[in-house]
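Heads up, the thing below is written out as structure tokens.
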Amino acid sequence: MPSIYILIAIFLWSSLGIFVRLSDVPVHILIFYVNGVSLIIQAIILCHKNYRKQLFQIKNIKYPLILGIFSLINTFTYFYAFQNTTIANAVLTHYTAPVIVAILAPVLLREIITKRIIIIILLASSGLWIMLDGFAFEKTMTAGIIAGLISGFAYAIVIILLRKYSQQFHPLVLTFFINLFLGIFLLPFVKDFPLKAIWIFLVMGIIHSTIAPILYYKGLQKVTANKAAVLGYLEPVCAIMFSVIFLFEMPGINTIMGGVLIIFSGYLAFKG
């Protein structure tokens with residue numbers, strides 16, 4: 001079932017926070033070297049004769065380029081939001097993406113927005129709100145909140161573009177070119193190589209920038225954009241599970257209640 005690929009990818013991505021915290025390096029440097037590791041791995045695999053033909057027959061190279069741009073905007077603004085507002089505000093604004101997808105998908109993808117999807121989005125959004133204990137606002141948080149909203153919009157565009165064009169590319173080829181463009185964009189801003197984080201680069205390059213995106217893109221070849229966006233709500237739930245296991249951060253009652261609601265909405269999306 002294609003949804004399984006997306007769920008596994010979301011589970012793998014949900015551990016990102018642990019590795020980002022452990023790396024203790026600037027975000028742009030982390031992204032650049034993680035991408036570098038993934039590009040080496042993917043290039044080795046793509047040298048196999050089964051992939052070479054697909055690699056050099058890409059006619060619509062502009063689509064991975066556009067995806068690379070929006071992926072970079074999504075990642076940078078999301079981390080900027082974490083640094084300039086509360087975690088709750090950053091996550092709540094970022095996960096406006098499913099609502100944006102629900103609005104844009106009928107127009108850009110001709111996907112039918114059903115009552116079931118609307119109910120699932122409302123359930124998941126309510127669960128996220130409860131889990132993160134609502135929205136807080138102070139003037140000093142304005143930039144972070146705006147960044148979070150931008151990341152949500154960019155995330156929605158990435159989902160729609162992937163759904164629209166993923167069938168034209170092999171998932172590995174698409175992953176390679178998106179990561180390649182991300183690396184090119186970041187190259188002018190990278191001046192050093194932090195040896196202390198090399199094991200982080202290796203792990204994230206293999207898991208988060210190779211295995212997870214390939215599975216996600218493969219799933220999106222069959223799963224609708226709305227369903228993929230709703231399943232994405234499970235990421236913060238899994239992230240909290242990782243924080244409990246590895247950082248011993250115990251969740252409160254609101255987090256548990258909201259998490260249960262999100263898991264239930266994910267179950268409905270998965271079974272639909």
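The values are calculated or read from the model by the stated rules, or taken from the named source; none is laboratory data. Worth saying up front: this structure is predicted, and the values here are computed from it rather than measured. Positions of Cβ are generated from backbone atoms using ideal geometry, with glycine treated the same way; all protein chains shown enter the neighbour counts. Quick note on the areas: whole protein, heavy atoms, side chains included, nothing else; ligands and nucleic acids left out. Shrake-Rupley method; radii C 1.70, N 1.55, O 1.52, S 1.80 Å.
Suppose we filter the range 178-192 for residues that are open to solvent by 90 Å² or more (accessible area, probe 1.4 Å) and over 24 Å from the mean Cα position of the chain (by Cα); how many remain?
Here is the first cut: in the range 178-192, the ones open to solvent by 90 Å² or more (accessible area, probe 1.4 Å) are 184, 187, 189, 191.
Now drop any that are not over 24 Å from the mean Cα position of the chain (by Cα), which leaves 191.
The number of residues fulfilling the criteria is 1.
A quick yes/no check of all residues on (1) within 29 Å of TYR267 (Cα to Cα); (2) modelled with pLDDT under 80:
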residue	(1), (2)
ILE29	no, no
ILE45	no, no
PHE56	no, yes
LYS62	no, yes
GLY68	no, no
HIS94	yes, no
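At pLDDT below 85, open to solvent by 20 Å² or more (accessible area, probe 1.4 Å), in a helix (DSSP H, G or I) and not polar (S, T, N, Q) - does that describe any residue in the range 201-223?
no
Out of (1) under 23 Å from MET241 (Cα atoms); (2) part of a helix (DSSP H, G or I), what's the single condition that is false for PHE176?
If we test PHE176 against (1) under 23 Å from MET241 (Cα atoms); (2) part of a helix (DSSP H, G or I), just (1) comes out false.
Keeping to the range 11-49, report how many residues are buried (at least 19 other Cβ atoms within 10 Å of the Cβ) and touching a Cys at 6+ places or on another chain (Cβ under 7 Å).
1
Scan the range 232-253 and tell me whether some residue there is farther than 20 Å from PHE177 by Cβ, of a type in the set (Val, Ile, Thr) and in contact with a Pro (Cβ under 6 Å, 6 or more places away or on another chain).
Of the residues in the range 232-253, the ones farther than 20 Å from PHE177 by Cβ are 232-253.
Then drop every residue that is not of a type in the set (Val, Ile, Thr), which leaves 237, 240, 244-245, 253.
Next, from what is left, pick out any that are in contact with a Pro (Cβ under 6 Å, 6 or more places away or on another chain): 240.
Yes: the range 232-253 contains one or more residues that are farther than 20 Å from PHE177 by Cβ, of a type in the set (Val, Ile, Thr) and in contact with a Pro (Cβ under 6 Å, 6 or more places away or on another chain).
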